[in-house]
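Report on the following structure.
The numbers here are math on the coordinates, done by the rules we state, and not lab data. The structure presented is a predicted model; accordingly, all values stated were derived computationally and were not measured. Here Cβ is always computed from backbone atoms with ideal geometry, including for glycine, and neighbour counts include all displayed protein chains.
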Amino acid sequence: MKPHLSIIAGQYSDKGIKEFNEDSCAIRVPEEPQLTNKGIVVAIADGVSSSSAGREASEACVKGLVVDYYSTPDSWTVRTSAQKVLGAINRWLYGQSQKVQFYGQGMLTTLSTIIIKSCTAHLFHVGDSRIYRLRAGQFERLTRDHVRWGSQEKSFLSRAMGADINIEIDCRSIDIEKDDVFLLTTDGVHQFLRTQTMVDLLQQHFDNPERASREIVKAALENGSDDNVTCQVCRIATLPNEDQHSFYNKLTELPFPPDLESGMVLDGFKIIREIHASQRTQVYLAEDTQTGEQLILKTPSVNYEDNPLYIDSFLNEEWTGRRIHSPHILKIHNSTRPRHFLYYVTEYIEGQTLRQWMNDHPRPTLQEVRTLLAQLIKGVRALQRMEMVHQDLKPENIMIDNHGTLKIVDFGSTRVAGIEEIHKPIHGKPVLGTINYSAPELIKEEIGTHASDIFSVGVIAYEMICGALPYQKAFTPKNMHQQRYIPSTQLRDDIPFWLDAALQKVTAIKPQNRYHTLSEFYQDITTPNPNFTDATLLPLLERNPLLFWKTATFICLCVIIFLMAK
């Protein structure tokens, strides 16, 4: 049986000497695939006693997190998912506090949570609840209290969920090891126990976290705790440390399809003809024998039958496509019928690639270009919202159907932030994409970001307008400092300066010099940006090198004539 992430955990909460228990805690261990894709949530909260709705606040915070976190996209990182959920919960708590029944009293609570995904623990913390870790006898506090002391004996929370419309959350990620023990406590526990007492009880009940949590709470009460007391103990039992052999066996559960020819039927899909074949994949037009619908069937190349990196990439391509929903992204079908081979099925787009469109429109109007770019940007933004970077945007990977709808295809190079958090026993080099359209940072084998796709969109926009690329040479790691942008105004005399300035910015070599969002870029290619209307913003050498050298030569000639005449 393959190794997987598992914990042994326990929790206990008691109102202590108080009338009500304003603490809340929860542990959620989901089934697969969420266990792998999202991980395990352990959360503890302590409603602020000075706010009359502290109990409601702590319960809403913990319950909201353990439910809503698993509703976020699998492609998001743990940090993105948790921060968006906690941000929404905080705004709700703050909004409730402004209502008449709570006004001036507040729904305030602390929150400390661990989300364990793959081989990493992600910590999120607000307030004075605490998270500790016991590893090989070493006990360490992993959070800092957000308190402000009014006197030597009185402290106040400087941060709490619901205190303000915006909340600053402490976030950190740490590697975990088998038998790591995490301890989460409210202040009614750790303020009344010595550190050594907690360590002794954790070690004494190492194999029984439920008993350990009860004993720690009991000890705090016996030591005079005058607050609610809540404790959670979580021990890492197993980690998903697959070796390469077991990982490869999992990838190859489905065999590669045989060579397919017209008329053959594969799992209910009748092959009509081969549309495209490369060294890496084959693409066929097929018909669903049950519905009669025409579809595309994509199969892996037998050249990579024993290559786990390739197979993993092929599987991720299908996984990625199924999670993006946009009219400008190729739709990948989730077939319910059993599969006996490795392949996936997509919608069939009747139309042409953007490359073919560019060949047919060598000098398009600016409005034609803007119409297509608007759709391309919507597709890329759909990827960005899912924390995905396509990394291989080019005219050949963009289709335009017979109705003029543009769609991005081919997710084989797509980087998915959430997937990268999952441990795998194999690692490949960063994806380079296609040389003329890849951002310079990808050429240098750096991690691709949204800025990388923005660069590719800019190159495509430039080529659609000018029929050429914005730089004279293909990028290499060694020649980047020598590259010079070719002004589009040199290639088309109807290009306004402000549009060229936008194209230059979007294709900047350094990511920090590009547009931060594609919406800004689209705004600047449709409406003159006041910052770009002054032609003196760029030196003449960059705006028009030919004119610069002609002028320089003429000036030099005049100087020579003047000197000779003296």
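Brief remarks on what is shown
- Rounded to the nearest 500, the helix-only mean residue ellipticity at 222 nm of the chain stands at -10000 deg cm²/dmol, with each DSSP H run of n ≥ 4 adding -39,500 (n - 2.57).
- When you restrict to C-alpha pairs under 8 Å that are six or more residues apart and normalise by the size of region 337-486, the relative contact order lands at 25 percent.
- Debye intensity ratio I(q)/I(0), log10, region 6-241, q values 0.10, 0.11, 0.15, 0.18 Å⁻¹ (C-alpha model): -0.43, -0.52, -0.98, -1.39
- Sorted fewest first by neighbouring Cβ atoms within 10 angstrom, L297, L309, L86 come out as L309, L86, L297.
- Between the residues M358, L108, L183, the greatest Cα displacement towards the positive end of the dipole of the chain, with unit charges on the Cβ of Lys, Arg, Asp and Glu, is found for M358.
- Stretch gain in nm, segment L469-Q203, where the contour uses 0.36 nm per residue and the Cα spacing is subtracted: 89.2 nm
- Placing +1 on the Cβ of every Lys and Arg and -1 on the Cβ of every Asp and Glu, with no other charges, gives region 351-533 a dipole of roughly 280 debye about its Cα centre.
- Size check on region 81-201: the Cα extents along the three principal axes, sorted descending, read 51, 39, 19 Å.
- Spatially proximal lysines relative to K298 (Cα-Cα < 27 Å; intrachain offsets below 8 disregarded): K250, K270, K331, K378, K394, K407, K424, K429
- Leading residue at positive end of dipole, the chain (Cβ point charges), from Q472, S129, Y70: Q472
- GluC sites (Glu not before Pro) restricted to region 1-93 and DSSP loop, no more than 10 other C-beta within 10 Å: E19, E31
- For the chain, the Cβ-based charge dipole about the Cα centre amounts to some 1380 debye (Lys, Arg positive; Asp, Glu negative; other atoms uncharged).
- Simple spin-label estimate for K15 and I275 gives 6.5 nm between the two label positions (7 Å along the Cα-to-Cβ direction from each Cα).
- Relative contact order, percent, region 6-241 [alpha-carbon distance under 8 Å, six or more residues apart]: 27
- Low-density loop positions, GluC sites (Glu not before Pro), region 280-345 - DSSP coil, at most 16 other Cβ in 10 Å: E293, E305
- Label corresponding to percent of Cα pairs over 34 Å apart when calculated from the structure given, among (i) 50; (ii) 55; (iii) 36: (ii)
- Across region 172-235, counting alpha-carbon atoms alone, Rg and Dmax equal 11.8, 36 Å.
- Modelled label reach - T238, point 7 Å along Cα→Cβ, region 179-195 residues with backbone N closer than 13 Å: none
- Loop-located GluC sites (Glu not before Pro) in region 335-397 (DSSP state not H, G, I, E or B) with no more than 12 neighbouring Cβ atoms inside 10 Å: E350.
- Farthest toward the positive end of the dipole of the chain, out of Y344, V416, V199, is the Cα of V416, where the dipole comes from beta carbon charges about the Cα centre.
- Fewest-first sequence of D259, D145 by Cβ atoms within 10 Å of each Cβ: D259, D145
- Rounded to whole Hz, the Karplus (6.51, -1.76, 1.60) HN-Hα couplings of region 125-130, x for glycine and proline: 8, 9, x, 10, 5, 9
- Coordinate range of the alpha-carbon atoms in region 387-457 per principal axis, descending: 44, 24, 17 Å.
- Label-to-label distance for I165 and L557 is 6.6 nm, based on points extended 7 Å past Cα in the beta-carbon direction.
- Value of Rg/Rh across region 245-324 [Cα atoms, Kirkwood radius]: 0.99
- Per-residue Cβ neighbour rank within 10 angstrom, fewest leading, V62, V229, V126: V62, V126, V229
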